[in-house]
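The values are calculated or read from the model by the stated rules, or taken from the named source; none is laboratory data. Because the structure is a prediction, the values reported are computed rather than measured. Please note: Cβ atoms are built from the backbone with ideal geometry, for glycine as well, and neighbour counts cover all protein chains shown. The area values use the complete protein model at the heavy-atom level, side chains included, leaving out ligands, DNA and RNA. Shrake-Rupley method; radii C 1.70, N 1.55, O 1.52, S 1.80 Å.
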Amino acid sequence: MAHAAQVGLQDATSPIMEELISFHDHALMIIFLISFLVLYALFLTLTTKLTNTNITDAQEMETVWTILPAIILVLIALPSLRILYLTDEINDPSFTIKAIGHQWYWAYEYTDYGGLIFNSYMLPPLFLEPGDLRLLEVDNRVVLPIEAPVRMMITSQDVLHSWTVPSLGLKTDAIPGRLNQTTFTATRPGVYYGQCSEICGANHSFMPIVLELIPLKIFEMGPVFTL
C-alpha cells in the first residue's frame with residue numbers, strides 16, 4: 001500500500017511487477033543521461049560565443065546525433081516488448097476468478113468453486129474499524145492463494161471500468177460485451193488495494209478493490225469463502 005510522501009512505486013508482489021519496476025529504473029536512467037546532455041549543451045550555448053567556426057560544418061556530429069537516438073529507442077523498446085508479451089501469457093492457471101464491473105461496485109465469481117458469486121462494496125466511513133483505509137476498504141474481500149497462477153476474467157455490465165491493483169502490476173479494462181483476461185502469481189501474503197482506473201461515472205472513485213492473499217494450504221481449507 002502506498003504511503004504519504006511516497007515517491008517511488010509500490011513494493012512488487014508479483015514477478016510481473018518486479019519486471020515493471022526494473023524497466024522503470026532502466027528507462028529512468030536513460031532519461032537522466034539525456035537530460036544531463038541537454039542541460040550541458042544549453043550551458044555551453046549560454047557561456048560560449050553564438051558562432052563557432054569549428055561546428056558550422058560537422059557531419060560526424062550530425063551522424064552521431066541521428067544514430068544515437070535510434071539506439072536509445074531500441075534499448076527502451078526491446079525490454080518493453082518483452083514485458084508486454086509476458087503480461088499476455090496465460091500458462092495453465094490454477095484458479096479462475098471473474099470480476100464484473102457495475103455502477104459502482106465490483107462483483108466476483110469463483111468459477112472453480114460452484115459458481116460462488118458475491119458483490120464487493122466500499123465501506124462507508126461509519127462502518128470503518130480502527131486501521132481501515134478510508135475509500136479503500138470493502139465489505140467482501142477477494143481471497144486468493146499465493147504462489148499459484150491465478151487467471152482474472154474481467155468484464156463490465158454497464159459502462160467502461162478498469163480493474164487495477166498496482167502492487168501486482170495489474171490494470172485491465174472491463175468492457176461491456178467483452179471478456180478480457182489477465183494473470184498473476186502473488187509471491188507473498190497480505191492485503192493489497194486497488195481502484196477502478198477508468199472514468200466510469202459519478203462514483204468512479206468509489207470502486208475499491210481489495211485482495212487478501214493467503215497461503216495455498218489455508219485457501220484450500222474452505223472457510224475463507226464464508227461471507
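Of the residues examined, residue 31 is not one that is open to solvent by less than 60 Å² (accessible area, probe 1.4 Å) and either within 27 Å of the chain's Cα centre (by Cα) or at positive phi (or both).
Could you pull out the residue among 166, 79 that is in contact (Cβ under 8 Å) with a residue 24 or more places away in the chain, surrounded by 13 or more Cβ atoms within 10 Å (Cβ to Cβ), farther than 22 Å from residue 2 by Cβ and not aliphatic (A, V, I, L, M)? First the steps, then the outcome.
Details: 166 fails: farther than 22 Å from residue 2 by Cβ.
None of the other options fit; the residue is 79.
Checking each residue in the range 110-131 for being open to solvent by less than 50 Å² (accessible area, probe 1.4 Å) and part of a loop (DSSP other than H, G, I, E, B) picks out 115, 123, 128.
Does residue 155 qualify as being in the same structural domain as residue 211 (by the TED database), in contact with a Lys or Arg (Cβ under 6 Å, 6 or more places away or on another chain), closer than 16 Å to residue 183 by Cα and modelled with pLDDT of 90 or more?
Considered against the rule, which asks whether it is in the same structural domain as residue 211 (by the TED database), in contact with a Lys or Arg (Cβ under 6 Å, 6 or more places away or on another chain), closer than 16 Å to residue 183 by Cα and modelled with pLDDT of 90 or more, residue 155 comes out as no.
Does residue 44 fit the bill of being open to solvent by less than 80 Å² (accessible area, probe 1.4 Å), in a helix (DSSP H, G or I) and at pLDDT below 85?
Yes.
With respect to the conditions (1) open to solvent by less than 10 Å² (accessible area, probe 1.4 Å); (2) under 24 Å from residue 16 (Cβ atoms), residue 107 lacks only one, and its number is (2).
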